[in-house]
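Written below as structure tokens is the structure these notes are about.
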Amino acid sequence: MLCRKRKKDFTRNRNMNFYSVIYYFIFRNKTTTNAELTHFYSSIDKFEKRISKQALNKAIKKLNPNVFTYLINQFASIYYASSLPKKYRDHLLIAEDGTYMEIPYNVYNINDFQFCMNQHVHDIFDVKKVQSKAGGLYDVTNGLFIDFSLKPAPYSETPLAFAHLYRTKKVLENQKIIYLADRYYGSAEIISHLEFLKYNYVIRGKSNFYKNRLPSYNPIMNELKLKSMINGLKDSGFQ
């Protein structure tokens, strides 16, 4: 049931079956749907069986989107168990970040993904575009996503980060990790969880982070101290 929304979906041996839909999404070339269909069926040497855009949309509606989370996780499990991953000083550099993604405008997507209220948007009738909160855990060194999520627009980035850390815990087991994140992820809960996982981490602090903790904060003097400390580490043979 992971691949389909209903038991009766993908039961017949149709041209655009479950596997074909998955391959279509994997090898999309970001052009128009008709051009992508032509490219896809030409690539598999079945151009004479090319389906219409309407037939493709009908097949896509049968697909359970959770299957992509599963496939990403399975691919990552195989990849990190091999000798292929590149590392930075014996560590994997993984980065968490979030953004808003614009999705097709229609009433169904507005209801599913909701909307953020502000001075211009007071109710559903003020919505001009539909957005989703997207978050991903990305392997910076190897250039691939380890996990990715799409949630309703008002969703917070923090629970997305927790979900990604939880789902990838087994995948990254026995790996040395350096976790990178922006200022929005510097919560005590996330840092505590990273400590529990024994991950090293670099999280950017807010602009007034040091000023609140160091009464005599001097950015020039602190930068000089930091450079001196780094030079001292290099002189001691630390690389």
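For the reader, a short list of remarks on this structure follows.
- Residue in the stretch 189-199 that is touching a residue at least 12 places away in the same chain (Cβ under 8 Å), within 24 Å of Lys86 (Cα to Cα), part of a loop (DSSP other than H, G, I, E, B) and in contact with a Leu (Cβ under 8 Å, 6 or more places away or on another chain) present: no
- Close contacts from the stretch 77-93, counting a first residue that is within 23 Å of Ala181 (Cβ to Cβ) and a second that is among the acidic types (Asp, Glu) and part of a strand (DSSP E or B), with Cβ to Cβ under 7 Å and a gap of 6+ residues or different chains, come to Leu92/Asp139.
- Filtered residues of the stretch 153-173 (kept if in a loop (DSSP other than H, G, I, E, B) and closer than 20 Å to Tyr79 by Cα): Thr168, Lys169, Lys170, Val171, Leu172, Glu173
- Residue within the stretch 132-151 that is within 21 Å of Val67 (Cα to Cα), buried (at least 16 other Cβ atoms within 10 Å of the Cβ), touching a His at 6+ places or on another chain (Cβ under 6 Å) and at pLDDT 70 or above present: yes
- Those residues of the stretch 142-152 which are assigned to a loop (DSSP other than H, G, I, E, B) and small (Gly, Ala, Ser), in sequence order: Gly143
- When each of Leu93, Leu56, Leu37, Leu63 is tested for being within 27 Å of Asn142 (Cβ to Cβ) and of a type outside the set (Lys, Arg), the lone residue that passes is Leu93.
- Restricting attention to the stretch 152-169, the residues that are touching a strand residue (DSSP E or B) at 6+ places or on another chain (Cβ under 7 Å), of a type outside the set (Gly, Ala, Ser) and crowded, with 17+ Cβ neighbours inside 10 Å total 6.
- Just one of the listed residues (Phe47, Phe27) is in contact with a helix residue (DSSP H, G or I) (Cβ under 7 Å, 6 or more places away or on another chain), surrounded by 12 or more Cβ atoms within 10 Å (Cβ to Cβ) and modelled with pLDDT of 85 or more, and it is Phe47.
- Output for the stretch 63-84, where each listed residue is loosely packed, with under 15 Cβ neighbours inside 10 Å and not in a helix (DSSP H, G or I): Pro65, Ala81, Ser82, Ser83, Leu84
- Checked against (1) surrounded by 16 or more Cβ atoms within 10 Å (Cβ to Cβ); (2) of a type in the set (D, E, K, R); (3) modelled with pLDDT under 70, Asp123 passes all but a single condition, namely (1).
- Condition check for Phe145: in contact with a Gly (Cβ under 9 Å, 6 or more places away or on another chain) and within 17 Å of Asn73 (Cα to Cα): yes
- Subset of the stretch 174-186 (residues that are touching a strand residue (DSSP E or B) at 6+ places or on another chain (Cβ under 8 Å), outside any helix (DSSP H, G or I) and either crowded, with 18+ Cβ neighbours inside 10 Å or of a type outside the set (Asp, Glu) (or both)): Gln175, Lys176, Ile177, Ile178, Tyr179, Leu180, Ala181, Gly186
The values are calculated or read from the model by the stated rules, or taken from the named source; none is laboratory data. As the structure is a prediction and not an experimental result, all values here were calculated from the model. In this analysis, Cβ positions are derived from the backbone assuming ideal geometry, glycine residues included, and neighbour counts consider all displayed protein chains.
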